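*Asks:* Sharing a structure with you now.
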Amino acid sequence: MKILILFAHPRLSGSHVQRALHDAVRDLPGVTFHDLYAAYPDFTIDVGHEQSLLLDHDLIVLQHPFYWYSAPAIIKEWLDLVLELGWAYGPGGDKLHRKFLKNAISTGGAEAAYRRQGRNRFDITELLSPFNQSAHLCGMAYLQPFAIFAGRWLTGEDLSIKTSDYQGLIEGLRDGHIDPMTRLAKGYTLPLAFEEQRLQKKRHAT
């Protein structure tokens, strides 16, 4: 798979976890690493360029800290501008059909806080539902998120292990050692675009 990592952190110099993840995947061969804050410090997003990047990749990874149960502001700006009606969704909006979307996030809170009985009252997959639905609307498959919890409290050894896990995941997806269809988010229903692709392959086979 051709992988595009859209990275967003407004204060990377002060980051513990995201800086480690950033360094682990930034220079991987066959992976396009795109730092949105570095590319657009004034938030003037080049929609045509971003759409071209999307067309050229199979898997889009949104890598970011989990701010206020969502993402840093530039991710929202990117979604608002780049995923246009008639291009990404709606009549004629089929450009992202059968591609894959995934979040790679870090939280300040412990995993136990992201449960129905926890302080945040919802688990992490529920809180990421807007990304899940955005993928579905655009005809994409949404993969289970990669999440590192309580990042500030991780030991150097634990962070190293989790960073290695993330790098291995990206490399495995890139090289085909990991089938993305085995990593769909829990309960995710594939959009019709995938069924249409399956039927088309079946017709060609017969």
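The values are calculated or read from the model by the stated rules, or taken from the named source; none is laboratory data. Every value quoted in this text rests on a predicted model; they were computed, and no experiment measured them. Quick reminder, even Gly has a Cβ in these numbers, built from the backbone with ideal geometry, and neighbours come from all protein chains shown.
*Asks:* Suppose we filter G48, G92 for residues that are farther than 24 Å from L184 by Cβ and either charged (D, E, K, R) or part of a loop (DSSP other than H, G, I, E, B) (or both); which single one remains?
*Replies:* Testing whether each residue is farther than 24 Å from L184 by Cβ and either charged (D, E, K, R) or part of a loop (DSSP other than H, G, I, E, B) (or both) leaves just G92.
*Asks:* Here is a list: D165, D179. Which entry is under 24 Å from G14 (Cα atoms), under 19 Å from the mean Cα position of the chain (by Cα) and modelled with pLDDT of 90 or more?
*Replies:* D165
*Asks:* Right, here's the next one. If I filter the stretch 99-119 down to residues being modelled with pLDDT under 95 and under 17 Å from A185 (Cα atoms), which single residue comes out as surrounded by the fewest Cβ atoms within 10 Å (Cβ to Cβ)?
*Replies:* Of everything passing the filter in the stretch 99-119, R115 is surrounded by the fewest Cβ atoms within 10 Å (Cβ to Cβ).
*Asks:* Residues of the stretch 183-192 being surrounded by fewer than 17 Cβ atoms within 10 Å (Cβ to Cβ), over 19 Å from L62 (Cα atoms) and within 20 Å of the chain's Cα centre (by Cα), which ones?
*Replies:* Residues satisfying the conditions are G187, T189.
*Asks:* Take the residues in the stretch 66-89 that are in contact with a Cys (Cβ under 8 Å, 6 or more places away or on another chain) and part of a loop (DSSP other than H, G, I, E, B); name whichever of them is nearest to H22 (Cα to Cα).
*Replies:* So, considering only residues that are in contact with a Cys (Cβ under 8 Å, 6 or more places away or on another chain) and part of a loop (DSSP other than H, G, I, E, B), the one nearest to H22 (Cα to Cα) is L83.
*Asks:* Let me ask you something else. Take the conditions at pLDDT 95 or above, surrounded by fewer than 20 Cβ atoms within 10 Å (Cβ to Cβ), under 23 Å from P180 (Cα atoms) and within 18 Å of the chain's Cα centre (by Cα) and apply them to L53. Does it pass?
*Replies:* Criteria met by L53.
*Asks:* Could you list, in sequence order, the residues of the stretch 98-112 that are among the small types (G, A, S) and in contact (Cβ under 8 Å) with a residue 12 or more places away in the chain?
*Replies:* If the condition is that a residue be among the small types (G, A, S) and in contact (Cβ under 8 Å) with a residue 12 or more places away in the chain, then A104, S106, G108, G109, A110 are the ones that fit.
*Asks:* Residue under question is L83, and the condition is that it be surrounded by 15 or more Cβ atoms within 10 Å (Cβ to Cβ) and either hydroxyl-bearing (S, T, Y) or within 20 Å of N132 (Cβ to Cβ) (or both); does it hold?
*Replies:* For L83, the condition - surrounded by 15 or more Cβ atoms within 10 Å (Cβ to Cβ) and either hydroxyl-bearing (S, T, Y) or within 20 Å of N132 (Cβ to Cβ) (or both) - is met.
Every residue, every condition in (1) surrounded by fewer than 15 Cβ atoms within 10 Å (Cβ to Cβ); (2) of a type outside the set (G, A, S); (3) over 18 Å from the mean Cα position of the chain (by Cα); (4) in a loop (DSSP other than H, G, I, E, B), yes or no:
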position	(1), (2), (3), (4)
H57	no, yes, no, yes
H64	no, yes, no, no
H97	no, yes, no, yes
R121	yes, yes, yes, yes
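*Asks:* Does H22 fit the bill of being outside any helix (DSSP H, G or I) and under 15 Å from the mean Cα position of the chain (by Cα)?
*Replies:* no
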